[in-house]
Amino acid sequence: MTRENIDSILQEDRQFSPTAEFTTAARIKNMGDLEALKRQAEQDHEGFWANLARQEISWQSPFETILNSDNAPHFSWFEDGMLNVSYNCLDRHLDAKSGKTAIIFEGEKGDVCTLTYAELHREVCRFGNALRANGIEKGDRAVIYMPMIPEAVIAMQACARIGAIHSVVFGGFSAESLKDRIEDAGAKLLITADGGFRGGKIVELKQAADKALDRGCPTVEKSIVFKRTAHDVSWTEGRDVWWHDAIAGQSSSCDPVWVGSEQPLFLLYTSGSTGKPKGIQHSSAGYLLNTITTMKWVFDIHDDDIFWCTADVGWVTGHSYVAYGPLAVGATVVMYEGAPTVPDAGRFWALCERHGVTIFYTAPTAIRALMKCGEEIPSKYDLSSLRLLGTVGEPINPEAWMWYHRIIGQERCPIVDTWWQTETGAHMIAPVPGAVVTKPGSCTLPLPGIDAGVVDEQGNDITEPDKGGYLVIKKPWPSMLRTIWGDDQRYVDTYWSKFDGKYYLAGDSARRDKDGYFWIMGRIDDVLNVSGHRLGTMEVESALVANEKVAEAAVVGHPDPIKGEGIFAFVVLKGERPTGGIDEALTAALRNWVGEQIGPIAKPDDIRYADNLPKTRSGKIMRRLLRAIASGEEITQDTSTLENEDILKQLRGET
Ligand code: WT7
């Protein structure tokens, strides 16, 4: 184990059962029914998923083969079936619910618009035809770099419709990050906007997109630009096309391209332990299936629900629970463009009241930030429409859980704490809210058909309660990642080599309590979780050393009350170390530099300068030591191998 926190001291024994009112209306009403489902899956793993795939997906032609493990650890599911994901999200609802609201959108400035299923279908078709007119065909990659507006979902669905592979890049990432992702994906098209409204400002998406395309991205032929802000932007004739021009005159019907189950639906880049983000590749049918099953099991979705997942479509959460899952089950989904604090910290609750949100899903970091603003704010709003709450992205501290439960859920709404990853595509460990008793801080139990475990260094099950170990998934599941785009070896090495191809290694440590509940303890690799977003320490280090003044850098996480984890950087300069190890101007400049290289979320909170970094004899940076320093903890490890003990003082900021 690489992390010292592996033996947890967390003690939380409060338990919460769903109310009778919730249970009566729930899809799965008790543990007996849930356990029966789990038993079915245990007895016949493939049969279980095959039945669900037949029930939940509209196939153009059915599959015979369920799971193909011939090329393990490359697995395929339902490989000889043909389908279209956009057809499953739109067309199949048109008979029964063409007039039902699919998307309720609210802009940061308060503008509201809604799209029915028929309208969304029409817009997706028109944009699908526009993509074709711009030379996009099945298998081509299109990068989407957009604000949180319905057109982002329309673009994703349109790609799915014509069999193109999208890769959404979060609008908060910099031009440099965008360029890296476009180049890695070999994208032919960039879909962006002139800007977006967030935090009372315009997010200059087009400016960043221009920078990215001007600096590289030789494969990009066209850029389709949605006009959102209507402020002046620069324009490259021949390359840039306005969205409204692209769809002008396009037909509102667009035949879906039937694809094989394994056709990649999207790539989504996420951080790992190296400087280079990984393009996580997802499939069509398997991915779709688990977004549907989890919408039903975990979100207990009903026809009259108003479902709001606050995640941006730039993250996997916004893929599975904004752009695909809710539409695949014919639900009404809320999208909000802006920041949670504009005009004030009541914005989320105002949206819940205005749109009658029944299911609300957000990140612990947002809950903590809003909790800090006081209970008076949510108490001004009518939150009685809410019936279910959810969290995702990091372990939720029991204090925030209790606040969410009391103040937002008014002790009436179950909370589903959902553990999953970009790689898993959908929830893996989460309570089924009508059945499972919840405990603040625990994501509870694996879902039916998900064989999760906690194992030791040798891969043996840890049976002792509360003893930490590696979180693994022991059997393939339909929405698992298929590979890392362009780097198959890294896929094998990262996820399968630790336990010789037997288990999927999640990269988290976890423990199970006496009731078998899972408690996630943190990452085991050099990955940080900043505000529920994954960032590699190596990425931030590479960004720092790319600056001309920096010789060496080491980045670690330190506990942050709102963000969960903050970024702390130790830097060795090429020139003189600043007196006392402090140089505010340089620190500000380096923070901005990292912001430009990666994006504002990657800016270190603090930078400390030293003449050297502490290394082991073999030259490895002693990160554990740096983590202790960054968290202000006492140093317990052996530091006798340090060439210069004085460095410790420098790193601590004492000299
Ligand atoms: C990592 C995945 C999955 C969408 C958001 C993040 C952490 C995620 C939980 C949770 C404890 C959690 C894990 C995981 N994580 N959900 N409910 N409890 N930790 O996706 O960027 O792929 O990050 O987020 O460390 O490995 P991601």
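A few comments on the model shown:
- The listed residue being buried (at least 23 other Cβ atoms within 10 Å of the Cβ) and either free of Cβ contacts under 8 Å to residues at least 40 places away in the same chain or more than 30 Å from E399 (Cα to Cα) (or both), out of G330, G286, G314, G346: G286
- Residue identified as out of contact with any strand residue (DSSP E or B) (no Cβ under 7 Å at 6 or more places or on another chain), open to solvent by 20 Å² or more (accessible area, probe 1.4 Å) and more than 17 Å from T424 (Cβ to Cβ) among D466, D526, D488: D488
- Residue ID - nearest to the ligand (Cβ to nearest atom), chosen from residues in the range 425-442 that are surrounded by fewer than 24 Cβ atoms within 10 Å (Cβ to Cβ) and β-branched (V, I, T): T438
- When residues of the range 638-655 are limited to those that are open to solvent by less than 40 Å² (accessible area, probe 1.4 Å) and part of a loop (DSSP other than H, G, I, E, B), the one modelled with the highest pLDDT: T639
- Only one of the numbered conditions (1) more than 16 Å from the ligand (Cβ to nearest atom); (2) open to solvent by 20 Å² or more (accessible area, probe 1.4 Å); (3) modelled with pLDDT of 95 or more; (4) out of contact with any Ser or Thr (no Cβ under 7 Å at 6 or more places or on another chain) is violated by G356, and that is (4).
- Only listed residue being open to solvent by 70 Å² or more (accessible area, probe 1.4 Å) and under 29 Å from the mean Cα position of the chain (by Cα), chosen from K222, K206, K227: K227
- A553 vs. criteria crowded, with 20+ Cβ neighbours inside 10 Å, in contact (Cβ under 8 Å) with a residue 12 or more places away in the chain and more than 16 Å from the ligand (Cβ to nearest atom): yes
- Residues located in the range 530-545, provided they are part of a strand (DSSP E or B), open to solvent by 30 Å² or more (accessible area, probe 1.4 Å) and touching a Gly at 6+ places or on another chain (Cβ under 8 Å): H533
- Residue identified as out of contact with any helix residue (DSSP H, G or I) (no Cβ under 6 Å at 6 or more places or on another chain) and either in contact (Cβ under 8 Å) with a residue 12 or more places away in the chain or aliphatic (A, V, I, L, M) (or both) among T483, T444: T444
- Qualifying residue in the range 477-487 (condition: more than 16 Å from the ligand (Cβ to nearest atom) and over 30 Å from E262 (Cβ atoms)): no
- Condition check for I57: out of contact with any His (no Cβ under 7 Å at 6 or more places or on another chain), at pLDDT 95 or above, among the β-branched types (V, I, T) and open to solvent by less than 30 Å² (accessible area, probe 1.4 Å): yes
- Of the residues examined, S98 is one that is open to solvent by 20 Å² or more (accessible area, probe 1.4 Å), farther than 30 Å from D487 by Cα and modelled with pLDDT of 95 or more.
- Against the test of being surrounded by 20 or more Cβ atoms within 10 Å (Cβ to Cβ), without any contact (Cβ under 8 Å) to a residue 60 or more places away in the chain and either within 14 Å of the ligand (Cβ to nearest atom) or not charged (D, E, K, R) (or both), the options W419, W401 yield a single qualifying residue, W401.
- Filter pass, A175 being of a type in the set (A, V, I, L, M) and touching an Asp or Glu at 6+ places or on another chain (Cβ under 9 Å): yes
This table checks each residue for (1) crowded, with 21+ Cβ neighbours inside 10 Å; (2) at pLDDT 95 or above; (3) touching a Phe, Trp or Tyr at 6+ places or on another chain (Cβ under 8 Å).
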{"residue": "V233", "(1), (2), (3)": "no, yes, no"}
{"residue": "L267", "(1), (2), (3)": "yes, yes, yes"}
{"residue": "G275", "(1), (2), (3)": "no, no, no"}
{"residue": "I292", "(1), (2), (3)": "yes, yes, no"}
{"residue": "D303", "(1), (2), (3)": "no, yes, no"}
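The values are calculated or read from the model by the stated rules, or taken from the named source; none is laboratory data. Since we're looking at a predicted model, the values are computed, not measured. Because the Cβ atoms are built from the backbone with ideal geometry, glycine has one as well, and the counts that use them run over all protein chains shown. Surface areas here come from the heavy atoms of the whole protein model, side chains and all, with no ligands, DNA or RNA. Shrake-Rupley method; radii C 1.70, N 1.55, O 1.52, S 1.80 Å.
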